[in-house]
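Here's the structure we're looking at; comments come further down.
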Amino acid sequence: MSNPPQISFTFGDSEALCSELIALVRSGAKTATCGALRDFGEGGEAMPVVGRRDIALNWDGTPALEIETVEVFTCRFDEVSEDFALAEGEDESLAGWRAGHEAYFTRNGGFSPDMMLVCERFRVVRDLAEGDPDAALPPQ
């Protein structure tokens with residue numbers, strides 16, 4: 001069985017947020033991420049797949065990190081566990097995660113407490129900050 005094809009993506013919706021999230025991944029504080037289910041599938045982002053290795057990009061499009069998906073599940077926004085919220089590394093409480101993510105989803109297509117999310121846990125395979133010549137970007 002072959003590995004799923006690699007994709008590239010950026011964390012966040014601004015240069016500042018992208019930089020902050022990449023730094024959290026590098027520090028080991030961020031080992032999870034989520035997105036609105038509505039943004040995945042035909043015409044949208046590729047669904048994460050366990051075992052797939054992807055390239056997280058800096059805001060300028062240069063490779064930052066290679067990550068491997070280790071878990072994927074869907075759940076409602078209002079059912080996200082504290083454990084998962086803290087694994088995202090951005091907040092120190094579930095309440096803080098909810099406030100920050102409500103603002104993010106409101107900016108990016110709308111928010112509802114019962115909206116479905118795609119939740120992903122990952123591990124860093126390698127840090128590409130040093131301009132690794134083998135860090136070719138996957139085809140788009």
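The values are calculated or read from the model by the stated rules, or taken from the named source; none is laboratory data. Values in this document were obtained by computation on a predicted structure and should not be read as measured data. A quick note on method: Cβ atoms are made from the backbone with ideal geometry, for glycine too, and the neighbour counts reach across all protein chains shown.
Some values worked out for this structure:
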| quantity | calculated |
| --- | --- |
| Yes/no for residue 72 being aliphatic (A, V, I, L, M), surrounded by 15 or more Cβ atoms within 10 Å (Cβ to Cβ) and closer than 18 Å to residue 48 by Cα | yes |
| Contacts under 6 angstrom Cβ, first residue in region 14-42 being in contact (Cβ under 8 Å) with a residue 12 or more places away in the chain and assigned to a loop (DSSP other than H, G, I, E, B), partner aliphatic (A, V, I, L, M) and exposed (fewer than 14 other Cβ atoms within 10 Å of the Cβ), 6 or more apart | none |
| Conditions (1) surrounded by 15 or more Cβ atoms within 10 Å (Cβ to Cβ); (2) part of a loop (DSSP other than H, G, I, E, B); (3) at pLDDT 95 or above; number of the one not met by residue 105 | (2) |
| Residue under evaluation residue 97, criteria (1) at pLDDT 95 or above; (2) surrounded by fewer than 15 Cβ atoms within 10 Å (Cβ to Cβ); (3) not in a strand (DSSP E or B), criterion not met | (2) |
| Per-region count, region 1-13, residues surrounded by 14 or more Cβ atoms within 10 Å (Cβ to Cβ) and either outside any loop (DSSP other than H, G, I, E, B) or out of contact with any strand residue (DSSP E or B) (no Cβ under 8 Å at 6 or more places or on another chain) (or both) | 5 |
